Amino acid sequence: MSIDWLELEKTARAWTYEAAGLIKDSLSNPIHIEAKSNPDDLVTEVDRAIESFFYHKIQETFPEHHFLGEEGVAEELDSLNGTVWIIDPIDGTMNFVHQKYNFSISVAVYHDGKGMIGLVYDVMNDELFHAIRGRGAYLNSDELVPVKERPLHESIIGLNAKWLVQEKNPYRNPLRALVRDVRSIRSYGSAALEIAYVAADRLDGYISVNLSPWDYAAGIVLLEEVGCKASTFRGEHLDYLKKSTVIVGKPRLHKEMVSSYVGEEL
């Protein structure tokens, strides 16, 4: 049975807007916060509620589809066979807790391992970055054009500066070399948004030492539609079933970052 990707994207988009409304409603109430793997790895009851919202919508509407999410409402997957929804209900939970701003909903649909639909929604700014494989990428109703290349010394990179000072971070020195040579770095606190910003030409590249698939799955679909590249620090394909280093950027910049800066010391 063939899948109508246009209709599926419309459904995913409608659910994303509905979920955003639930998140906004929650901001008027006290938020219960917990730490997961460390004191900076936060989760709230809103994260869990939004993931459950998507999970039950998918189960009711597409019972043959599979689900991969951050907060564990579904069983872990061991493959991407079939149609898989990969969802981060609130990407940038720390921003959600502290700022009530700069967080996103990330929704991806993959089919037999290929990214078919990618949605990254900036809830508070009402900006929806969205793409269907082979049909281009958009910011709301405006099509994103193929990105403009810039040399390294004119590039702005998304990067968490904390990694530059962590003594036990094995990537610290190559990242310092990269930061030395780029025009500037930025940190917005939402990986999905920062990857979407590369697709929208707001950033030239983005680097993360440790991301989960739901952080980058939707953004990769956007990137591919505008000609950008994504890989591990070693230049390998990203694995959508486990955590990974991630480096994304415009093609020439991505190649330069992988080969000349990050890859050389790994």
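Bear in mind these aren't lab numbers, they're just calculated from the coordinates by the rules spelled out. These figures come from a predicted structure and were not determined experimentally. Here Cβ is always computed from backbone atoms with ideal geometry, including for glycine, and neighbour counts include all displayed protein chains.
Tabulated data
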quantity: Separation in nanometres of the label points that stand 7 Å from Cα toward Cβ, at residue 56 and residue 148; calculated: 4.7 nm
quantity: Cβ-based net charge around residue 225, under 12 Å, with every Lys or Arg adding one and every Asp or Glu removing one; calculated: 0
quantity: Projected label distance in nm at residue 168 and residue 22, using a 7 Å step from Cα toward the beta-carbon; calculated: 3.6 nm
quantity: Cut-off 14 Å between beta-carbons: net charge of the residues surrounding residue 78, Lys and Arg +1, Asp and Glu -1; calculated: -2
quantity: Average Cα contact separation per residue, the stretch 141-266, under 8 Å, 6 or more apart, as relative contact order %; calculated: 29 percent
quantity: Share antiparallel - DSSP beta bridges, the chain, percent rounded to 5; calculated: 80 percent
quantity: Computed [θ] at 222 nm, deg cm²/dmol, the chain (DSSP H ≥ 4; -39,500 (n - 2.57); rounded to nearest 500); calculated: -9500 deg cm²/dmol
quantity: Between 0 and 90°, nearest 10: helix 45-61 axis offset from the chain longest Cα axis; calculated: 60 degrees
quantity: Flagged links, alpha-carbon separation over 32 Å, of 24/168; 162/255; 168/229; calculated: 24/168
quantity: Cα centre as origin, Lys/Arg/Asp/Glu Cβ charges: the chain dipole, Debye; calculated: 1000 debye
quantity: Furthest towards positive pole of dipole, 213, 44, 151, structure part the chain, Cβ charges; calculated: 151
quantity: Cα-based shape type of the stretch 152-265, given that a ≥ b ≥ c are square roots of the gyration tensor eigenvalues and the cut on a/c is 1.5; calculated: rounded
